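Note sheet for the following structure.
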Amino acid sequence: MIFEPYALFAQILFVLVPFYLYQMFWLDKPYRFSRYRFAVMASCGALSMLLCMSLPVISYSEHYYDLRQIPFIVASLYGGYGVMAFLYVVSAVYRLWLGGSGVMLSLAVTSGACLLLYAAIPRFYALTPIRKILLSAGISIVTAAGVILYTFRKLQAPLESEVLFSSGFFAFVYVLASWIIVYLIETARRNASFRQALLLSEKMKVVSEIAASVSHEIRNPLTTTMGFLKLLSKTTDPQKQQYYVDIATEEIKRAQHIITNYLTFAKREDEAPVRLQAAEELGYVTAVMEPYAQMNQVELRSKLEPCWVEGSRHDFRQCFINLVKNAIEAVPQTGFVEIRCLMQRGAVVISIEDNGVGMDPEQIKHIGTPYYSSKMAQEGTGLGMLIVLNMVDLMKGRLDICSTPGKGTKFTITLPACEPQPEIRQTG
């Protein structure tokens, strides 16, 4: 009896091949490879079996002992009857091609394993991981015992210490390898299940954040529209009525634009940047937020110099509406919010200043964190400032915050200036 220790370690490696391939092509990508389940399991099992049969651990009287039954058992249990039949044919054909007097032993052992697998496969997936490990190990024990008994009784192998040690060690590794491979597969399946659950949880979290962000952004134009409709009901001046209707209509369009952006969130194409007259855009923001300021008894001031920047008109307006709204809500009654815009050292500097409650360094540190807000519970989501930071980043600007608790806050946004929009002259 010739025992090859190096071949045993190689066989263990061959047995692990289907585990890694199974994890790579099946567990981590179940939806992508679901239609190829049979091909993946059958190919992994066949590859491992052929490698094991090509490098036997023990050779004795034209009989070759290897770990081929382990991938056969494991792949059949996880792949089903079709995989079992395919691997049986592959094993039989290759063993016949190798030749020798051990062909009948190989076919007998594989056929016996098939009978055990035929009874075990229907119940296998319903078992707990521990029971799956015990079942596969049990089938391996029966198979290994059959091989050893045949060796000593039919081939009349001598009961020498070397033969006994080689046979015993082979049987031990046989069962241990079967136990380990099923344990690794079950661990990988459990980890894959955890990953899927985590991905689902993350997706639900994103959906929740988007829903909260939509409600936050829609609330601003709806509040503005409500304010102008109230003003509309209190005036009989046709010019003012038309002005209020125009502003309310513009805010409804802005709400529609927000909804469209979120509905196409995954495929959203950013607006092409245009040249904006910052003072005019901030004048629009002031007009939009004036009713909200009056409702909160806050004086809204503005000092705007003509300046030009480049960016998305919608994002620019949305950014400063959020800042002004936050400032108004932070101011106690009879306070003020002041909007300034001026050119300074070749840049456009826009500031929003209030004499409200202010913020401490810890609150400033968390600005822009989703669901963190310095407002009272249930009154803020922190998503408005996230949009502000995103706009500043897109326009390659800088945001500075200066705040003192009890005295107020000043947000200063510095944006690159651009050349004014050339006037289009009509001739004729």
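Can you find a residue that is modelled with pLDDT of 60 or more and assigned to a loop (DSSP other than H, G, I, E, B) anywhere in region 14-34? Walk me through how you get there before you give the answer.
Within region 14-34, the first condition is being modelled with pLDDT of 60 or more, and the residues that meet it are 14-26.
Adding the requirement that they be assigned to a loop (DSSP other than H, G, I, E, B) leaves none.
No.
Within region 190-215, restricting attention to residues that are in contact with a helix residue (DSSP H, G or I) (Cβ under 6 Å, 6 or more places away or on another chain) and modelled with pLDDT of 65 or more, which residue is surrounded by the most Cβ atoms within 10 Å (Cβ to Cβ)?
VAL214
Just one of the numbered conditions (1) of a type outside the set (A, V, I, L, M, F, W, C); (2) at pLDDT 85 or above; (3) within 20 Å of ALA177 (Cα to Cα) is not true of TYR78; which one?
TYR78 satisfies every listed condition except (2).
Which residues, counting only those in region 119-148, are assigned to a loop (DSSP other than H, G, I, E, B) and either at pLDDT 85 or above or not hydrophobic (A, V, I, L, M, F, W, C) (or both)? Quick ask: steps written out before the conclusion?
Filtering region 119-148 down to residues assigned to a loop (DSSP other than H, G, I, E, B) leaves 125-128.
Across region 119-148, the qualifying residues are TYR125, LEU127, THR128.
Working only within region 260-319, note down all residues that are at pLDDT 90 or above, of a type in the set (Phe, Trp, Tyr) and closer than 24 Å to LYS240 by Cβ.
Answer for region 260-319, where residues must be at pLDDT 90 or above, of a type in the set (Phe, Trp, Tyr) and closer than 24 Å to LYS240 by Cβ: just TYR284.
The values are calculated or read from the model by the stated rules, or taken from the named source; none is laboratory data. Just so we're clear, the structure is a prediction, and the values are computed from it rather than from any experiment. Backbone-built Cβ (ideal geometry, glycine too); neighbour counts: all protein chains shown.
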